[in-house]
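The values are calculated or read from the model by the stated rules, or taken from the named source; none is laboratory data. Please read these numbers as outputs of a predicted model, since none were measured by experiment. Counting neighbours? That spans all protein chains shown, and the Cβs are built from the backbone with ideal geometry, glycine included.
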Amino acid sequence: MKKTTFILASCMLLAGLSTTAQQPNLNFFESNGVMNQSGELSNDLGYTLTHLDNRADDVVWAHVVYNIIDLRDNINAQLAFPTGQDANYKNMFRLLSEAVVKGAPVYYPNEAGITPYFGQENLVPATKLSDVFFIETNVAGAQYIDPLFERDSVKNTITISNRIYDRFSKRINKFLIQQVYYFDKHLSQMSSKIIGIAPLMTMEDALAPAFPDFEDENAGGADTQQLKTTLRDAVVCWFLYDDLKSYFSAQPVFQESNIAQRISYHEYFSKKMYAAYMIGDNSLMKKLYSNTGELTINQITEEIKNIQRKLVEIESGIWGR
């Protein structure tokens, strides 16, 4: 009897020690009184470790769509702040810029449309970052190219040009995402995943057409040729989401009203805590940039509504009505 009691007590003690080791009692405040910014306090700690492999045979339906995240939308304000330097938080574009400095792959935009191509031959070399990250400056009638990133060929390092960054970042107020919706029969689950992210640069020309959101009732008379040119030319470059995952998992999103809520960029995007509007799918983008056909704004708007309706019907139809 004593032996059994001793074994049970030992097991309980070991279990307690194991639990303590796995779940340390972290303090919200450091010993000097400042708030603890440890990544272990993030709600994303266990979430980022979760990875599901979807077998090709199990995915019986998939559809690729394109959405725009507008940072001027109040729901997305967390991605736009802080605008200045902060020890603990970074806005979306600052995080992407620092990821580029640390070696995150960058892909050239599609000159014929907006559909990205993530092939090795489409990678932007570190020596050619100025091909996509630059601002044209006019001085006394002469035009200069100011690159966002400066490269030290001796040290083989890349740094952000503080002289250009503010001007460049102020023109990035939207992001285009390529996203796939898919149904996995093994998990019996409808899911979505972001494939690529592209910063969109606002045109400085006051005569340039307003960037399309296809929700403006007054946009019906806009020139479609201008519209698709503006959309295509606004894409700065493309990033693969999975290349950014390590940076997104380590960086908390700015919290304006509740700083005790620690949410990483990865959790923020994976749980779709942002607002976005659809601009089409692969089929619509092919039609829009085709040389053989011409779509009106009203036709584009109607087709987007059809895509959205089909996505809802497919998802709700899985379990019946």
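Exactly one residue out of Asn156, Asn138, Asn162 is under 27 Å from Leu71 (Cα atoms) and either without any contact (Cβ under 8 Å) to a residue 60 or more places away in the chain or touching a helix residue (DSSP H, G or I) at 6+ places or on another chain (Cβ under 8 Å) (or both): that is Asn162. Within the range 296-321, residues that are part of a loop (DSSP other than H, G, I, E, B) sit with their Cβ atoms under 8 Å from residues that are at pLDDT below 85 and surrounded by 11 or more Cβ atoms within 10 Å (Cβ to Cβ), at 6+ positions apart or across chains, in these pairs: Thr296/Thr224. Scanning the range 238-290 for residues that are of a type in the set (Asp, Glu), part of a helix (DSSP H, G or I) and under 25 Å from Phe29 (Cα atoms) returns a single hit, Glu267. Scanning the range 120-158 for residues that are of a type in the set (Val, Ile, Thr) and either touching a strand residue (DSSP E or B) at 6+ places or on another chain (Cβ under 7 Å) or within 30 Å of Gly196 (Cα to Cα) (or both) yields Val124, Thr127, Val132, Ile135, Thr137, Ile145, Thr157, Ile158. For the range 290-305, indicate whether the set of residues that are touching a helix residue (DSSP H, G or I) at 6+ places or on another chain (Cβ under 9 Å), closer than 16 Å to Ser192 by Cβ and of a type outside the set (D, E, K, R) is non-empty. Looking through the range 290-305, none of the residues is touching a helix residue (DSSP H, G or I) at 6+ places or on another chain (Cβ under 9 Å), closer than 16 Å to Ser192 by Cβ and of a type outside the set (D, E, K, R).
Does the range 170-178 include one or more residues that are out of contact with any Lys or Arg (no Cβ under 8 Å at 6 or more places or on another chain), crowded, with 16+ Cβ neighbours inside 10 Å and without any contact (Cβ under 8 Å) to a residue 24 or more places away in the chain? No, there is no match, as no residue in the range 170-178 is out of contact with any Lys or Arg (no Cβ under 8 Å at 6 or more places or on another chain), crowded, with 16+ Cβ neighbours inside 10 Å and without any contact (Cβ under 8 Å) to a residue 24 or more places away in the chain.
If the condition is being among the aliphatic types (A, V, I, L, M), modelled with pLDDT under 90 and closer than 25 Å to Asp131 by Cα, then the range 211-266 contributes Leu227, Leu231. Of the residues in the range 118-137, at least one is more than 16 Å from Cys237 (Cβ to Cβ) and either of a type in the set (Val, Ile, Thr) or at pLDDT below 90 (or both).
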